[in-house]
Amino acid sequence: MVNIIRTDGNLVVNVSVEVDLIKQGDYIVSYCPALELSSFGLTEDEAKEGFEGALHTFLQDTHEKGTLERVLLNLGWSLRKLPIVKYKPPVKKIRTKNRNSSFIRSFNESVAIPV
């Protein structure tokens, strides 16, 4: 699923963010460090589906409130407006080991950011 928010003919910028799947107890957690956004499920598919819903809600809410750009910049994203609008996610942080969790794998999620 690609998360796209269309805004009355306005442009969108497509960005790919990395999402980690982490086993914590009986659950699989999907966590995106670039957005500090997570969800969970009993299976990898449930965790990915939950993340897509959380991502859609995050983008929709921040866009409607007019805070999306400010939130992204506060999370360490960079923004270039000329010659074309381009958002760049922050460099991924190094994972720290946690006794109660284990890293499974990462996947990329395509994000469409309204401009």
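The values are calculated or read from the model by the stated rules, or taken from the named source; none is laboratory data. Here the structure is a predicted model, which means the values were calculated and not measured. Every residue, glycine as well, gets a Cβ built from its backbone with ideal geometry; the counts of neighbours run over all protein chains shown.
What to note about this one:
Conditions tested, residue by residue: (1) in contact with a helix residue (DSSP H, G or I) (Cβ under 8 Å, 6 or more places away or on another chain); (2) modelled with pLDDT of 90 or more; (3) more than 17 Å from residue 105 (Cβ to Cβ).
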position	(1), (2), (3)
12	no, no, yes
43	no, yes, no
49	no, yes, no
66	no, no, yes
74	no, yes, yes
79	yes, no, yes
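- Answer residue from the stretch 12-54, given it is small (Gly, Ala, Ser) and not in a strand (DSSP E or B) and is surrounded by the fewest Cβ atoms within 10 Å (Cβ to Cβ) among those: 25
- Each residue in the stretch 56-83 was checked for being exposed (fewer than 14 other Cβ atoms within 10 Å of the Cβ) and either over 15 Å from residue 15 (Cα atoms) or touching a residue at least 24 places away in the same chain (Cβ under 8 Å) (or both), and 10 of them qualify.
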